[in-house]
Amino acid sequence: MIGEIENRSTHLLAVTSRQLLSLDLFVLDKTDPIGNFRKRKEKIKTDVETQGDFIRFLIKEVENAAFTDIEDVVPFVKWLDDELSYLVDERAVLKHFEWPEQKADALREAAFGYCDLKKLESEASLFRDDPRQPCAPALKKMQALLEKLEHGVYNLSRMRESATSRYKGFQIPMDWMLETGIVCQIKLASVKLAMKYMRRVSAELEAVGGGPEEKELIVQGVRFAFRVHQFAGGFDVETMRAFQELRD
């Protein structure tokens, strides 16, 4: 679908680019705010008068957009935002047209929300504990990462409650928002993070060789493990083994 849109819009893009480049770009003058306002207003008026066909083309594409996979929504939103960036002021120009604002905003919300969670899941999955770093800051780093995962899933649950009816009406996929979607991957990443945390604690226990630090480290490890267990709904075999090693 994206390839088809790009092909159909090639001519419009070329025309739009030439038109915009031909306009005199205004330079903000701090000593003349009224003049700046007038110049910007004139550029908005010019966009409204000259970019009508281009904007109506985008309106049609947004209204006709229907997806079954969130991975297709992401490039569509990127393409749409790239096109709209040619306008001097998106909001000011589009209000003069019958722009499908609610659907466009919903598409952006879904695309950005999905991308944020994918980045979060990737950050947790690719996390590597550096043995050269002291134990305390290393454990704090993993604790901070777990908090980001927890907040990400919580924010998604709130977003899902408010987005369900809107997304269905706009034909925006919702499978990625379910427990079997990106949330499942994030929880799996948290389990792997718990394994790294407990292994780091176990290694530090061997290094300290008893004393008051030992009890505190064990408590930290158990608390973190329990927190992840509650968040993810359980451990895999490898993480359970790490927990048993810590306990023993």
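The values are calculated or read from the model by the stated rules, or taken from the named source; none is laboratory data. This is a predicted model, so every value here is computed, not measured. All Cβ positions, glycine included, derive from the backbone under ideal geometry; neighbour counts span all protein chains shown. Areas reflect the complete protein model, heavy atoms only, side chains present, ligands, DNA and RNA absent. Shrake-Rupley method; radii C 1.70, N 1.55, O 1.52, S 1.80 Å.
Note on the chain: helix-only mean residue ellipticity at 222 nm, from DSSP H runs of 4+ residues weighted -39500 (n - 2.57) and normalised by residue number, equals -26500 deg cm²/dmol. The relative contact order of the chain comes to 19 percent, based on Cα pairs under 8 Å that sit 6 or more residues apart.
If R0 is 22 Å, the Cβ-Cβ spacing of Gln143 and Gln244 corresponds to a FRET efficiency of close to 0.55.
Computed with a 1.4 Å probe over protein heavy atoms only, the accessible surface of the chain comes to 59 Å² per residue.
A Stokes-Einstein calculation at 20 °C with viscosity 1.002 mPa s, built on the Kirkwood radius of the chain over Cα pairs, returns a diffusion coefficient of 97 µm²/s. Of the residues Lys41, Lys148, Lys196, the one that moves most in a GNM of the chain with alpha-carbon contacts below 10 Å is Lys41.
Shown for the chain: the carbon plus sulfur share of the solvent-accessible area, taken with all protein chains present and a 1.4 angstrom probe, equals 53%.
Asp130 sits among other residues whose Cβ lies under 12 Å from its own Cβ, and their net charge, with Lys and Arg +1 and Asp and Glu -1, is +4. Put a dot 7 Å past the Cα of Arg166, heading toward its Cβ, do the same for Trp79, and the two dots end up 2.3 nm apart. Sorting the segments 221-230, 165-174, 132-141 by their mean number of nearby beta carbons within 10 angstrom, highest to lowest, gives 221-230, 165-174, 132-141.
Computed with every protein chain present, the accessible area of Cys115 is close to 40 Å² [probe 1.4 Å]. When only alpha carbons are used to place a centre, the range 43-86 and the range 163-236 end up 39 Å from one another. Partners of Lys41 within straight-line reach, counting lysines whose Cα lies under 19 Å from its Cα and excluding those fewer than 8 residues away in the same chain: Lys30, Lys95.
Here is the link list: Lys78/Lys168; Lys60/Lys187; Lys45/Lys78; Lys39/Lys103. Which ones come out longer than 29 Å on Cα distance? Table pairs above 29 Å Cα-Cα are Lys60/Lys187; Lys39/Lys103.
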